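*Asks:* There's a structure below that I have some questions on.
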């Protein structure tokens, strides 16, 4: 039945999963509502972490509002740039966000730039802001991926694995149905179904694990340096994204190379984050041995004096 989403090996069958709701004759996409919920709860979580760590939660509210606006714009620009072969033919679609088309890495880049400017203007620690915001960021990514669920997008190639997801072919964009999916297409009750990797679900579950690690680092690991939590975010999220991106059929490709841009960027970020974590840890240990203290210790003292 068109509108259904099934996980046959788990015995889950969801009927009439809507893509939008109509309020006063105006259609509101579920994708947009999920993203809005992800952003709002992400800000609230970041503010809570800020309070628990003795920081000014209101500053993070201000940062969150600005970062959301900038990140959405950058996420759209990133997506359009690497999908230019389509948008140069359909320029009016560039501003149509209701059907999806936001690239997470574009949003992350926009968020980091926002934090940098905000830190300079407010005279706050750039790296400490990144550490605290990383928790809300990965939460938002975890929740936001479910927008892809309602849109029937961001799925992978055909699979018959335990978590395989079955979708009516009529509910997905025809150009995202691969030859392998067509060969394994099933007709049930007169409806053609494809069966795919639910990569949005894989990423959401992976991000849940990343969130747990970041919270442990934030509240239980005292011997850390500023920027360490954010670097672990880049390392862990990048590792998962590198794997998951290889499964997807809607990859954004680097022009002239045929390589998935998000997979390439993930690999670079994982290597860079690992190198910086090793360097930062060595620097902290050397600083402790010399009796000079650490960047984190200094930032704690400075923070205590100013707040």
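*Asks:* Can you tell which of 2, 21 is surrounded by fewer than 17 Cβ atoms within 10 Å (Cβ to Cβ), in contact (Cβ under 8 Å) with a residue 60 or more places away in the chain and either in contact with a helix residue (DSSP H, G or I) (Cβ under 9 Å, 6 or more places away or on another chain) or part of a loop (DSSP other than H, G, I, E, B) (or both)? Quick ask: steps written out before the conclusion?
*Replies:* On the way: 21 fails: in contact (Cβ under 8 Å) with a residue 60 or more places away in the chain.
The unique qualifying residue is 2.
*Asks:* Could you tell me whether any residue of segment 118-127 is within 17 Å of the chain's Cα centre (by Cα), buried (at least 18 other Cβ atoms within 10 Å of the Cβ) and in a helix (DSSP H, G or I)?
*Replies:* First, the residues of segment 118-127 that are within 17 Å of the chain's Cα centre (by Cα): none.
Taking every residue of segment 118-127 in turn, none turns out to be within 17 Å of the chain's Cα centre (by Cα), buried (at least 18 other Cβ atoms within 10 Å of the Cβ) and in a helix (DSSP H, G or I).
*Asks:* For segment 256-276, which residues satisfy the criterion of being under 22 Å from residue 177 (Cα atoms) and assigned to a helix (DSSP H, G or I)?
*Replies:* 261, 262, 263
*Asks:* Cβ contacts < 7 Å: first residue in contact (Cβ under 8 Å) with a residue 12 or more places away in the chain and at positive phi, restricted to segment 145-159; second residue surrounded by 21 or more Cβ atoms within 10 Å (Cβ to Cβ) and in a strand (DSSP E or B), any location; separation 6+ or different chain. Result?
*Replies:* Short answer, once both residue conditions are applied: 152/167; 154/248.
*Asks:* Only residues that are closer than 21 Å to residue 132 by Cα, part of a helix (DSSP H, G or I) and either at pLDDT below 80 or touching a strand residue (DSSP E or B) at 6+ places or on another chain (Cβ under 8 Å) (or both): list them for segment 277-307, please.
*Replies:* Selection gives 295, 296, 297, 298, 299, 300, 301, 302, 303, 304, 305, 306.
*Asks:* While we're on this one: When residues of segment 167-197 are filtered for being surrounded by fewer than 18 Cβ atoms within 10 Å (Cβ to Cβ), under 20 Å from residue 244 (Cα atoms) and in contact with a helix residue (DSSP H, G or I) (Cβ under 8 Å, 6 or more places away or on another chain), how many remain?
*Replies:* Of the residues in that region, 0 qualify.
*Asks:* If we only count helices (runs of 4 or more DSSP H) wholly inside segment 136-255, which ones have 3 or more residues that are within 30 Å of residue 61 (Cβ to Cβ) and under 15 Å from the mean Cα position of the chain (by Cα)? Quick ask: steps written out before the conclusion?
*Replies:* Working: elements: 146-151, 179-183, 199-220, 228-245.
Counting at least 3 such residues, we get 146-151, 199-220, 228-245.
The values are calculated or read from the model by the stated rules, or taken from the named source; none is laboratory data. Values in this document were obtained by computation on a predicted structure and should not be read as measured data. Using ideal geometry, Cβ is built from the backbone for each residue, glycine included, and neighbour counts are taken over all protein chains shown.
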